[in-house]
Amino acid sequence: MDNHMGPGKYTVETFAREEGITRQSALNKLSKLKREGYVTISGGGQQKRIYTLHKTPQQPANGFYAIVNKYAPEKLVPTFKHHVVGNYTAEHAIIDGIKIGDARTLEATQHLFRHVTSWKRLFDLARKEELTTEVHALYNKARNNTRVKRMPKRYQE
Amino acid sequence: MINTADQEQLFKLIADYLPKDLVCVAIGGTAMMFLGYKNATRDIDLVFDSEGERNTFIAAIGELGYKEKALADVYDERRKKHAGKPRMFTRGEERFDLFVKDVFGYEISTKQEFTERRDYLGKNEFTIHLLTKEDLIVLKAVTRREKDQEDIETIIKIEKSIDWGLLLDKAIAQAKRNEWMLIDLEATLQELKRITFIPGKHFKRLYEAQERLHGKR
């Protein structure tokens, strides 16, 4: 990273002030750093944008935590960064949630059953990981607690 | 040399050639690239849990044209004789260094705590775990190849928050498996003193551990 600013959170105004440059130059610089992966942005629209500067380029996480935090009302703090190359679906995330296995993760994972598009894929993965019983148990729990799609009969216990 | 984007595509391609799901741990330059410390590496270092898993991986890269290479010119005599030496495979400019559980006496397993996980979903799933930056530094100190010291310095310059105590814990816990580990680590830390402050208490601990280890012999 060629800028001399330390990692941390900035608005465009604080960034410009600390760099000693104009607001427009600050926007240009932040935009360049964002392209290189050193800056992530939150806010926008009605909210003021907050720019987070990182020491190393960040790749957007797209794995288990991205899916579960998109769909579950109770959000999880990632215990590891998860990146996936390929088609990672809600079915994969259910299996990963069961493998992680703590109570909070399982609670959040229940909400993914509403987004299952392929029961075959879910049970193929479950059979591969020998987690069929656990998938049924979590599905039954999800049926009691949330609105969930009905599992096709051929996959039921 | 291979850059981050090419490495991602290569792993995705390998996942398509794997006959079954595989999990491994990335160390060295590969891990540094994933963690954003560098943009390119010459060697892709992977550690598998068993010989069988390594052979599965070798079969997949064999189909892609990677050929086994002798360890000469890369590792010194002492490391070439060590049980925890890798098997090397090369094709063009990139090279795989493939270890099984043991990197010159430093034990690594996919079961241990990891900070990042990368999944490549092809015909089968290829999963790569990344360890902590302290593990990376100890491993670089243990392998001590041409660019390893340079890589350690890169990590130190970017990361101001190295837990030297944890780093020593990890090295001392495994020192029995490689009598040179603490000596190599001490040499590395001495060189690092040029660019960062390492409190003297850590060196004292290192020397005490060394004495205890040699006292037992």
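The values are calculated or read from the model by the stated rules, or taken from the named source; none is laboratory data. As the structure is a prediction and not an experimental result, all values here were calculated from the model. Quick reminder, even Gly has a Cβ in these numbers, built from the backbone with ideal geometry, and neighbours come from all protein chains shown.
Some values worked out for this structure:
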| item | result |
| --- | --- |
| Tabulated pairs, the stretch A:79-93, first touching a residue at least 60 places away in the same chain (Cβ under 8 Å) and at the interface with another protein chain (Cβ under 9 Å from one of its Cβ atoms), second buried (at least 20 other Cβ atoms within 10 Å of the Cβ) and aromatic (Phe, Trp, Tyr), C-beta under 9 angstrom, 6+ apart or interchain | none |
| Out of A:ALA66, A:ALA72, A:ALA61, sole residue that is away from chain B (no Cβ under 14 Å), within 29 Å of A:ALA108 (Cα to Cα) and in contact (Cβ under 8 Å) with a residue 12 or more places away in the chain | A:ALA72 |
| Elements of type helices (runs of 4 or more DSSP H) contained in the stretch B:161-217, each with 1 or more residues being touching a strand residue (DSSP E or B) at 6+ places or on another chain (Cβ under 6 Å) | B:164-174 |
| Residue that is within 13 Å of the chain's Cα centre (by Cα), closer than 17 Å to A:VAL84 by Cβ and of a type outside the set (Val, Ile, Thr), where the choices are B:ALA31, B:ALA26 | B:ALA26 |
| Total residues in the stretch B:158-204, condition loosely packed, with under 12 Cβ neighbours inside 10 Å and acidic (Asp, Glu) | 0 |
| Scan of the stretch B:25-48 for residues that are out of contact with any Cys (no Cβ under 7 Å at 6 or more places or on another chain), away from every other protein chain (no Cβ under 14 Å) and part of a strand (DSSP E or B), ordered by number | B:ILE27, B:THR41, B:ASP43, B:ILE44, B:ASP45 |
| The stretch B:194-217 residues that are more than 18 Å from B:GLY165 (Cβ to Cβ) and of a type in the set (D, E, K, R), paired with ones that are loosely packed, with under 14 Cβ neighbours inside 10 Å and modelled with pLDDT of 90 or more (beta carbon under 7 Å, 6 or more apart) | none |
| First in the stretch B:1-18 and within 13 Å of B:LYS38 (Cβ to Cβ) and more than 11 Å from chain A (Cβ to nearest Cβ), second anywhere and modelled with pLDDT under 95 and assigned to a loop (DSSP other than H, G, I, E, B), Cβ under 8 Å, 6 or more apart | B:MET1/B:ARG42; B:MET1/B:GLU93; B:ILE2/B:ARG42; B:ILE2/B:GLU93; B:ASN3/B:ASN39 |
| For B:LYS157: the one exception among (1) out of contact with any Asp or Glu (no Cβ under 7 Å at 6 or more places or on another chain); (2) away from chain A (no Cβ under 14 Å); (3) not in a strand (DSSP E or B) | (2) |
| Selection count, the stretch A:97-120, where residues are of a type in the set (Lys, Arg) and either closer than 19 Å to A:LYS75 by Cβ or touching a residue at least 60 places away in the same chain (Cβ under 8 Å) (or both) | 2 |
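Matching residues to (1) of a type in the set (Lys, Arg); (2) away from chain A (no Cβ under 14 Å); (3) surrounded by fewer than 18 Cβ atoms within 10 Å (Cβ to Cβ):
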site: B:VAL103; (1), (2), (3): no, yes, no
site: B:SER109; (1), (2), (3): no, yes, yes
site: B:ARG117; (1), (2), (3): yes, no, no
site: B:ILE128; (1), (2), (3): no, no, no
site: B:LEU136; (1), (2), (3): no, no, no
site: B:LYS140; (1), (2), (3): yes, yes, no
site: B:THR143; (1), (2), (3): no, yes, no
site: B:ASP148; (1), (2), (3): no, yes, no
